[in-house]
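Written below as structure tokens is the structure these notes are about.
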Amino acid sequence: MGKQADILLFATMVISWSINYPVIKIALNYTGPFTLLFYRILFSSIFIYIIFRPKLHLRITKAEIIPLFILSLLNVLIWMELWFLAETTISASLTSIIIYTYPIISTLMAIVFLKEQYNKYVFLGIGIGFAGLLVIFSNSLLSGFKPGIIIALLGAIVWAIGTIYFMKYHVKRDRESTNFFQMGFALLPSLLIAGIATPSISIFEPSLILILLVLIIAIPGTAVAYFAFLHLNRKYGVSTVSSFLFLVPALSVVFSIIILNEIPSFYEIIGLALVGIGIYFSARGTKIKASAKPVS
């Protein structure tokens, strides 16, 4: 692909990931967070299989089952559920800002646990990013604390742990197959959790509008965006692509204003700016390998 095609792919990826947050907020009006997670995993698995079928290696050894299952718990089941739960109590835009502290947290974890090489920009990025979180948390405490802020931060931490786990124990599979398996491994647990958590809701009778919303999340928001992410990482490097991930929460704020009429507070904008600067510098300062699951 040429440069113009790569720019289009990058724009598709960023727009798809950023619009996920307001779309999920709308979908939560039609079902609960546990059922929504099951549908996202189901449809995403199907379309990831369709898109990546020629590259998938579907044979799996006994030694790979446990690492892939742990990766599935961290990178799909737990972190996505925390994200969806967060959006039940706080705005989509605020959720995206907090979730996207993930690159900063994973950079810090890579330095501590993986002994990644780093330069002067890393600590600057980490410090600025956490200053953004401090602004958001301070304002929340003053204006009435909402548990979604803690839940979203836990989601970012779990996503970062999943990244570090993948890098440290190096699941020996190509990323396409790894992503397909971790989605697949999360399918049955998500179904069981949805059935237990919401026994009064028939998860096999979704409304048409819910299906349409999930298709937006699953096709452009997961399968297509992941294809773009893989291509761009291989061509330009993870640190280059990751340094521009601040565009996801920034655009998510814009989409939340347009679609949901969610107007962010002054403190949320300041927090977003600081987190964005932190992402840029922390990604530029150290080279962190791609997570097996760059799905947002």
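The values are calculated or read from the model by the stated rules, or taken from the named source; none is laboratory data. The structure presented is a predicted model; accordingly, all values stated were derived computationally and were not measured. Here Cβ is always computed from backbone atoms with ideal geometry, including for glycine, and neighbour counts include all displayed protein chains. Calculation scope for accessible area: heavy atoms of the full protein, side chains included, ligands and nucleic acids excluded. Shrake-Rupley method; radii C 1.70, N 1.55, O 1.52, S 1.80 Å.
I need a count of the residues in region 52-72 that are assigned to a helix (DSSP H, G or I) and open to solvent by 50 Å² or more (accessible area, probe 1.4 Å).
Result for region 52-72: 9.
Being free of Cβ contacts under 8 Å to residues at least 40 places away in the same chain and more than 26 Å from residue 239 (Cβ to Cβ) is true for just one of 150, 60. Which residue is that? Can you show your working first?
Numbers: 60 fails: free of Cβ contacts under 8 Å to residues at least 40 places away in the same chain.
Just one listed residue meets the conditions, 150.
Looking only at region 200-250, which residues are farther than 30 Å from residue 116 by Cβ, modelled with pLDDT under 80 and open to solvent by 30 Å² or more (accessible area, probe 1.4 Å)?
200, 201, 202, 204, 205
Check off (1) surrounded by fewer than 22 Cβ atoms within 10 Å (Cβ to Cβ); (2) closer than 24 Å to residue 239 by Cβ for residue 88 and give me the number that stays unchecked.
(2)
Name the one entry in 203, 216, 209, 263 that is farther than 30 Å from residue 133 by Cβ and in contact with a helix residue (DSSP H, G or I) (Cβ under 8 Å, 6 or more places away or on another chain).
Values: 216 fails: farther than 30 Å from residue 133 by Cβ; 209 fails: in contact with a helix residue (DSSP H, G or I) (Cβ under 8 Å, 6 or more places away or on another chain); 263 fails: farther than 30 Å from residue 133 by Cβ.
Only one candidate passes the filter, namely 203.
Taking the conditions exactly as written (open to solvent by 10 Å² or more (accessible area, probe 1.4 Å) and under 21 Å from residue 237 (Cα atoms)), does residue 9 satisfy them or not?
Values: open to solvent by 10 Å² or more (accessible area, probe 1.4 Å): yes; under 21 Å from residue 237 (Cα atoms): yes.
Taking the combined requirement at face value, the residue satisfies it.
Name the one entry in 19, 24 that is within 15 Å of the chain's Cα centre (by Cα), of a type outside the set (Lys, Arg) and open to solvent by less than 20 Å² (accessible area, probe 1.4 Å).
Details: 19 fails: open to solvent by less than 20 Å² (accessible area, probe 1.4 Å).
Only one candidate passes the filter, namely 24.
Filter region 73-85 down to residues that are within 23 Å of residue 135 (Cβ to Cβ) and either of a type in the set (Gly, Ala, Ser) or open to solvent by less than 10 Å² (accessible area, probe 1.4 Å) (or both), then give me how many there are.
Counting residues in region 73-85 that are within 23 Å of residue 135 (Cβ to Cβ) and either of a type in the set (Gly, Ala, Ser) or open to solvent by less than 10 Å² (accessible area, probe 1.4 Å) (or both) gives 1.
Please work out which one of (1) open to solvent by less than 10 Å² (accessible area, probe 1.4 Å); (2) in contact with a Lys or Arg (Cβ under 8 Å, 6 or more places away or on another chain) is the condition residue 149 fails and give its number.
Among (1) open to solvent by less than 10 Å² (accessible area, probe 1.4 Å); (2) in contact with a Lys or Arg (Cβ under 8 Å, 6 or more places away or on another chain), residue 149 violates only (2).
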